[in-house]
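Reviewing the structure listed below.
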Amino acid sequence: MPLWDVVIIGGGAAGLMCAIEAGKRRRRVLLIEHSNRVGKKILMSGGGRCNFTNLHVMPDNFLSANPHFFKSALARYSPWDFIAMVERHGIAYHEKESGQLFCDQSSKLIVNMLVAECRQAGVRIEVGCKITTVEHTSPGFTLKTSLGAVQASALVVASGGLSIPKMGASGFGYELAKQFGHRILVTRPALVPLTFTEEDLEQYRDLSGIGLLVGVRCSNQYFVGGMLLTHRGISGPAILQISSYWQLSDELEINLLPGADVLAWLTERQRSRPGAELKTVLAEWLPKRLAQRLCELAFGSLPLRQYSPLELRVVAEQLQYWRFYPKGTEGYRTAEVTLGGVNTDELSSVTMASKKVSGLYFIGEVVDVTGHLGGFNFQWAWASGHAAGRAI
Ligand code: FDA
């Protein structure tokens, strides 16, 4: 039976990075990927251009039951470390907004870079390899796979979360963690569109395709960004961000005109355009069809002169504090990430090693660390993979 220093389960962002680092340290590394190629999520990320990191990585950009766990790994592998690799491979990139770095051309270049680095570090990659059992043997671990049995001194679980099953996502890492006595913190889809109730669906479904800038608040978090009305609910960057904090039956408070003094603006318009209908005036700042629908549903649309100061105040407040109760989320089918996962209290924050089983490591999304939208999830995958790769 072949004996490896390290077997890594999962050829995603975290697994590839870990393989590179361990390989560079002359460890004999086998990386097992069950789907037909490595890096599938990298390929589809950032609309095909991979938002591979963010220049402004801060603890506030991450969610975990332990808000200190991820700090050490992120401090020891910074966005600049990954950028240095990208530049060494001559991959052109640009900053889109708020520190988000994207490839100029294609995500494929990032996958090619990681695979080239693996090759250079002597890593063996096996794709389409199914693992049937994993046992803790002495020494190390024995895995039964579709390619036969393999043995390794160390085992790294980098099998990701539950989002996008058709891209190879599986609950395998959680099951393995449980098998080895680890606790899994409740998992749920995050960075995910939210869905309308039946009543909202009736009222807004035909506005699908409308996009606008909003501020959205839930659970003491507030994000400003784009919102898109879809034929099932709401999506767009601000909604994806808040979805990580939203729980069933929570209210969302949406500001349809963030940064504006809406009452002052409406009062001024009442003076300058007293004969204009409310929907016409609202359409100066909101998409026309949305302005019209809000007037139909909530405000009426009389000439502005007919609204009392109190009524104008109510309109302004409703535009800035639109209360919305999503029915749910679109689930793992479209979620970018999975919240929850392997309990960080049972892992070393320096090496990602299990505190329960010697030689066992967990990295990337399978761990209870989730980043905001904007390159933070890949930075966690690189940093945690690097931490384990350096320790094995
Ligand atoms: P990842 O899911 O990447 O890799 C896990 C690997 O393990 C997969 O290849 C899977 O097939 C394999 N696997 C699972 N079970 C296995 C088993 N039993 N045996 C063997 N292999 C197994 N983040 C970001 O920072 N910027 C971005 O632009 C985007 N964009 C984006 C778009 C979309 C559509 C999605 C779904 C996600 C993103 N993300 C993102 C999130 C990012 O993709 C995610 O956080 C990382 O890929 C997580 O890296 P991991 O290596 O932990 O898991």
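All of the numbers you see were taken from the coordinates with simple rules; none came from a lab. Just so we're clear, the structure is a prediction, and the values are computed from it rather than from any experiment. Don't worry about glycine lacking a Cβ; one is built from the backbone with ideal geometry, like all the others, and counts go over all protein chains shown.
In the elastic network of the chain, a GNM with C-alpha springs shorter than 10 Å, the most mobile of Leu162, Leu74, Leu212 is Leu212. When Glu135, Glu126 are arranged by Cβ crowding within 10 Å, least crowded first, meaning fewest neighbours, the order is Glu135, Glu126. In plain terms, if you count all Cα to Cα distances in the chain and split them into 20 Å steps from zero, the share in each step is 27, 47, 21, 5, 0 percent. Taking 27 Å as the straight-line reach from the Cα of Lys279, the lysines in range (excluding those fewer than 8 positions away in the same chain) are Lys288. Taking Leu31, Leu294, Leu147 as the candidate residues, the one with maximal mean-square fluctuation in a Gaussian network model of the chain, Cα springs under 10 Å, is Leu147. For the set Lys130/Lys356; Lys24/Lys355; Lys40/Lys130; Lys40/Lys327, the pairs lying more than 27 angstrom apart at their alpha carbons are Lys40/Lys327. Each residue, Glu97 and Leu310, gets one label point 7 Å from its Cα in the Cβ direction; the gap between the two is 3.9 nm. A helix-only calculation puts the chain at -8500 deg cm²/dmol for mean residue ellipticity at 222 nm, using -39500 (n - 2.57) for each DSSP H run of at least four residues, averaged over all residues. The convex hull drawn around the Cα atoms of segment 1-151, when projected onto a plane and averaged over every direction, covers 10.2 nm².
Kirkwood hydrodynamic radius computed over segment 202-352 comes to 17.3 Å, based on all pairs of distinct alpha carbons. Each label was represented as a point 7 Å from its Cα along the Cα-to-Cβ direction; for Val350 and Ala65 these points are 2.4 nm apart. Going from the fewest other Cβ atoms within 10 Å to the most, the residues Lys41, Lys327, Lys71 appear in the order Lys71, Lys327, Lys41. Based on Cα contacts under 8 Å between residues 6+ apart, segment 261-392 shows a relative contact order of 17 percent. Taken along the Cα-to-beta-carbon direction at a fixed 7 Å, the label points for Ser146 and Ser106 span 2.5 nm. About its Cα centre, the dipole of segment 197-244 is roughly 280 debye, where the only charges are +1 on Lys and Arg Cβ and -1 on Asp and Glu Cβ. By the beta-carbon count within 10 Å of each Cβ, the least crowded to most crowded order of Glu365, Glu87, Glu33, fewest first, is Glu87, Glu33, Glu365. Picking from Gly48, Gly374, Gly300, which is most flexible by a Gaussian network model of the chain using Cα springs under 10 Å? Result for the chain, Cα springs under 10 Å: Gly300 fluctuates most.
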